[in-house]
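Let me begin by presenting the structure, written as structure tokens, before commenting on it.
Just so it is clear, none of the values below were taken in a lab; they were calculated from the coordinates. The structure displayed is predicted, hence computed values, not measured ones. Methodologically, a virtual Cβ is constructed for each residue, glycine included, from the backbone with ideal geometry; neighbour enumeration extends over all protein chains shown.
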Amino acid sequence: MAKAGKWEQALQVARSIWDAVQRSFALSSVAEAMVKAGMKEEAQRVLQQALQVARSIWIWFAVKRSLALSSVAEAMAKAGMWEQALQVARSFEDASWRSFALSSVAKAMAKAGMWEQALQVARSIWDTGKRSSALSSVAEAMAKAGKWEQALQAAKSIEDELRRSEALVSIALAMLEKEGKGR
């Protein structure tokens, strides 16, 4: 009961924030904490509220609106709300913001072990830098899970040379770490 009261208090504080961008960020943050505490269903309801708040931000404040929507998409992905996260990320008219949001979703998918979906999302990103960053994160997550061949394939598909090199180094280090634990 006491824990439920703390969550409700946190939500009341978040909902009381006048600025819609900050209110959306706060609701997303509370939802992420709820997911970590095993309260996934409650978090999903809170994220729907955060999405409503983010969408209510006037279009004249495009950057603020985009920041809020990106934050919600990322939090939805971390909460396992994959379809909703992708829907929000793909809803951006601006290709740069869409790339930013899709990169966050792809990284969350990779952390959750959804390799193929993460690769598919990462490869769909328009912006080369964001695509390279997402592919690098996917490759690194695959390597940490011992998916060496898939990780190498993903890393070799990275266009940015520096990102590709960093991913390959991470894969090599993950292989060595795994080898050291295997002894």
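Here are the numbers:
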item	result
Equivalent ellipsoid dimensions for the range 76-183 as semi-axes, Å, which come from the Cα gyration tensor, largest first	26, 16, 8
Lysine pairs meeting the criterion (Cα under 18 Å, 8 or more apart or interchain), as found in the chain	26
Net dipole in debye of the range 92-183 [+1 Lys, Arg Cβ; -1 Asp, Glu Cβ; about Cα centre; nearest 20]	340
Among 103-110, 64-71, 152-159, the order from most to least packed when residues are scored by Cβ within 10 Å on average	103-110, 64-71, 152-159
Acute angle (nearest 10 degrees) that the helix 128-144 long axis makes with the longest principal axis of the chain, alpha-carbon atoms	70
Computed over the range 84-129, the ratio Rg/Rh where both radii use C-alpha atoms and Rh is Kirkwood	0.95
Theoretical gain in end-to-end length, ALA62 to LYS178 [0.36 nm per residue, Cα-Cα removed]	37.2 nm
Separation between Cα centres of the range 33-95 and the range 135-183, rounded to whole Å	29
Principal axes of the chain: Cα extent on each, largest first, Å	51, 42, 22
Relative packing of peptides 165-173, 81-89, 10-18 - highest average C-beta neighbours within 10 Å first	81-89, 165-173, 10-18
Farthest toward positive dipole pole in the chain [+1 Lys/Arg, -1 Asp/Glu at C-beta], among ALA10, ALA106, ALA154	ALA10
D (Stokes-Einstein, µm²/s), Kirkwood Cα radius, the range 121-183, 0.692 mPa s at 37 °C	286
Histogram of C-alpha separations across the range 1-103, 10 Å bin width, %	17, 49, 28, 6, 1
